[in-house]
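Working notes, structure below.
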Amino acid sequence: TVGAFDSFRFVIKGSLAGAAVYVAYDQGLLGSGTQGAEALKKAQAALPPAIQEWTSYVGWQVRTLPATPKFDFSPSDSWNKGVLTVMSALSVAPTRACEYTVEGWKYVKDLVK
């Protein structure tokens, strides 16, 4: 049986997942590649000040924060490369299937002899 505590945990986890999806959508992470790249740049600019503010609020003394890593990553270029790779594989698939079928029949014929 599902207890009240398990139901409460399910509601909390579902709420957090829903909030995460909403924030990702709101920030443009689920949009086009250019929107994702812009959201990544915004996050890189906002992260160090947010960490500094949080640590001062909590009372931790952070002398220096390491520099945020620089990503030379373009989601739109990666997406385009992935699409081209998939389309290339799909375009040669019928030819490859015929070649593999011929090789398979030859192998089976050699086994039967």
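Quick grid of which residues meet (1) over 17 Å from the mean Cα position of the chain (by Cα); (2) at pLDDT below 70; (3) open to solvent by 70 Å² or more (accessible area, probe 1.4 Å):
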site: THR1; (1), (2), (3): yes, yes, yes
site: PHE5; (1), (2), (3): yes, no, yes
site: GLY14; (1), (2), (3): yes, no, no
site: GLU38; (1), (2), (3): no, no, yes
site: TRP60; (1), (2), (3): yes, yes, yes
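Residues in the range 82-89 include at least one that is surrounded by 10 or more Cβ atoms within 10 Å (Cβ to Cβ), more than 21 Å from the chain's Cα centre (by Cα) and at pLDDT 85 or above.
If you go through the range 16-36 one residue at a time, how many are open to solvent by 50 Å² or more (accessible area, probe 1.4 Å) and at positive phi? Looking only at that region, the number is 0. Applying a threshold of 7 Å to beta carbon distances and a minimum spacing of six or more residues, or different chains, the list of pairs starting in the range 1-30 at a residue that is touching a residue at least 60 places away in the same chain (Cβ under 8 Å) and farther than 30 Å from LYS41 by Cβ and ending at one that is among the basic types (Lys, Arg) and open to solvent by less than 90 Å² (accessible area, probe 1.4 Å) is empty.
The values are calculated or read from the model by the stated rules, or taken from the named source; none is laboratory data. Keep in mind the model is a prediction, meaning the values are calculated, not measured. Cβ sites come from the backbone with ideal geometry, for glycine too, and all protein chains shown count toward neighbours. The area values use the complete protein model at the heavy-atom level, side chains included, leaving out ligands, DNA and RNA. Shrake-Rupley method; radii C 1.70, N 1.55, O 1.52, S 1.80 Å.
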